[in-house]
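First up is the structure itself, then whatever we jot down about it.
The values are calculated or read from the model by the stated rules, or taken from the named source; none is laboratory data. Here the structure is a predicted model, which means the values were calculated and not measured. Virtual Cβ from ideal backbone geometry, glycine too; neighbours counted across all protein chains shown. Side chains included, ligands, DNA and RNA excluded: accessible areas come from the protein's heavy atoms. Shrake-Rupley method; radii C 1.70, N 1.55, O 1.52, S 1.80 Å.
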Amino acid sequence: MRVCTLFFSILGVFAMMAMHCSAEQGAARSEKTLAVYGVNLGKPPLEGKTSEEAAGFLGDLGVNAVFGGYDSAEFVAACRSRGITVYASLGIFVGENYWNSHPESHPVDALGNPIEKVQWYAGVCPNQPWLRAEKLTAIAKKAEEGLADGVWLDFIRYPVHWEDGAPRPKQDETCFCPVCLAKFQKDTGLTFPEQIHSASETAEYLLTTRREEWFDWRAEQIAEFVKEASATLHRANPKAKLGLFCVPWQPQDYDNAMRRVVGQDLKRLAPHVDVFSPMVYHKLCKRSPEWVGEVARYVSEQTGKTVWPITQAFNEPTEMSDEEFAQSVRSGLQEPSAGVILFSFGHMEKEGRFPKVREAFRSVR
Ligand SMILES: [Zn+2]
């Protein structure tokens, strides 16, 4: 009898240990989001593969979330069956096509000039009612299709090619177009002095006399759109995640250019966003891999929301070593970060980085 009791006690302890271990492994497995951005079924290495094969390739990389491929129901199903979540991203205030089709959407800088295109980048005025309506419709459509499990807002800011570093005085301070100036006066009840006529005079007045009201109002315009985007998305799909790609600047960067230039107020955005993804391309921004984790921590502290930084997996401005890449992934996954998104899938293919991605993700899983 005693032997029997002892036997079952030992058995019970082993069973509990086994349960504990498997619970821990399960938690570890589901703990961090390991994502790649820019999956394109029409390009190598996925070109010509069946949906099953494409999802298998991604699963083998150790990925559990992808951005892209959400137009194919078959691919989404193949991903889901492997525990891979599929997300969409949507460019909001961006596109040279809008400058052509709607010239009033071309932002006006503090010198009173229409902004110039920077390389491929053409930012659009965030306060064009028709554009905001068009983008909300696109978000609703994505949600109603039911393929993507979430939508990330990209270019959700005032125009600036932030990857270049310090914003240019006046040229990167926007938007002083008639639509923005009229809406600012209407919303705030402030009227400009009579002697002020041109856009550059108005900019001078706002940036000296009405600085804080101006910056607050700008931030509110971005936050208001994000609030509407969240309502639109969740009305159609309450479980979908709304994500946001934010500029990786803190107040000490460029005299608080996040407020003066970008107009992304993290605290103001937080109630409407499920996941924040700061674009911490450390090498491009001439920072260390540790900076990735530092920014993720800052965004988490500011917002209290889930943070999955989007990190650099491309060779710019110079080649990034395997060790530096691995460091940046580790840094991006440090608490309180809940995951990492690698940018981008196309670069990994061209630059032969898949083996290192597999290694980095496998070490986490
Ligand atoms: Zn404007």
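Taking every C-alpha pair closer than 8 Å and separated by at least 6 residues, the mean separation divided by the residue count of the range 46-92 gives a relative contact order of 40 percent. Per residue, the convex hull around the alpha carbon atoms of the range 205-360 comes to 130 Å³. One quarter of the convex hull surface built on the alpha carbon atoms of the range 67-108 amounts to 3.9 nm², the projected area averaged over directions.
Estimated from the Cβ-Cβ distance and a Förster radius of 25 angstrom, the FRET efficiency linking Glu144 and Thr50 is about 0.40. Each Cα pair under 8 Å and six or more residues apart adds its sequence gap; the mean of these over the residue count of the chain is a relative contact order of 18 percent. The calculated FRET efficiency for Gln252 paired with Asn113, based on their beta-carbon distance and R0 = 30 Å, is about 0.55. Using heavy atoms of the protein chains and a probe of 1.4 Å, the accessible area assigned to Arg80 is about 110 Å².
Heavy atoms only, probe 1.4 Å: what % of the accessible area of the chain goes to carbon and sulfur, would you let me know? On the chain, the fraction of accessible area on carbon and sulfur atoms equals 54 percent. Note on Tyr205 and Trp130: the model spin-label points, each 7 Å out from Cα along the C-beta direction, lie 2.8 nm apart.
Put His161, His106, His197 in order of accessible area, largest first, 1.4 Å probe: what do you get?
In descending accessible area the options line up as His197, His106, His161.
Take every pair of alpha-carbon atoms less than 8 Å apart whose residues are at least six positions apart; their mean separation over the length of the range 77-213 yields a relative contact order of 32 percent.
How high is the FRET efficiency between Asp164 and Asn100 when r is their beta carbon distance and R₀ equals 22 Å, given to the nearest 0.05?
0.35
Less than 5 angstrom separates the built amide H of Val280 from those of Ile310, all sequence-distant by 5 or more or on a different chain. Given the options Gly123, Gly59, Gly352, which has the most mean-square fluctuation in a GNM of the chain, springs set between C-alpha atoms less than 10 angstrom apart? Most flexible of the set in this elastic network: Gly352.
For the range 283-323, what does the accessible surface come to per residue with a 1.4 Å probe? Please give it in Å².
Normalised by residue count, the accessible surface of the range 283-323 is 46 Å².
When +1 charges are put on Lys and Arg Cβ atoms and -1 charges on Asp and Glu Cβ atoms, the dipole computed for the chain relative to its Cα centre reaches about 1060 debye. The mean of 1/r over all distinct Cα pairs in the range 116-208, once inverted, gives the Kirkwood hydrodynamic radius of 15.9 Å. Amide H contacts for Val94 (H built 1.01 Å from N in the peptide plane; partners 5 or more residues away or on another chain; cut-off under 5 Å): Val124.
If both residues of a DSSP beta bridge must be in the range 64-170, then about 30% of such bridges are antiparallel.
Extending 7 Å from the Cα toward the beta-carbon at both Glu359 and Asp216 defines two label points whose distance is 5.3 nm. Once both labels are positioned 7 Å from their Cα atoms along Cα-to-Cβ, the gap between Arg82 and Lys43 label points is 1.9 nm. Computed log10 I(q)/I(0) for the range 70-159 at 0.16, 0.18, 0.23 Å⁻¹: -0.71, -0.82, -1.07, from the Debye equation with unit scatterers placed on every C-alpha and solvent omitted.
Charges were assigned to the Cβ only: +1 to each Lys and Arg, -1 to each Asp and Glu. The resulting dipole of the range 277-361 about its Cα centre is roughly 180 debye.
Report, for the chain, the % of DSSP beta bridges that are antiparallel, rounded to 5. The answer is about 10 percent antiparallel. Take 40-49, 91-100 and order them by the average number of nearby Cβ atoms within 10 Å per residue, most first; the result is 91-100, 40-49. Across the alpha-carbon set of the range 242-312, the Rg to Rh ratio works out to 0.94, Rh being the Kirkwood radius.
Largest first and in whole Å, give the semi-axes of the range 176-220's equivalent ellipsoid, each being the square root of 5 times a Cα gyration tensor eigenvalue.
15, 12, 10
Across every direction, the projection of the convex hull enclosing the Cα atoms of the chain has a mean area of 22.8 nm². Assuming charge only on the beta carbon of Lys and Arg (+1) and of Asp and Glu (-1), the dipole of the range 95-190 about its Cα centre is about 280 debye to the nearest 20.
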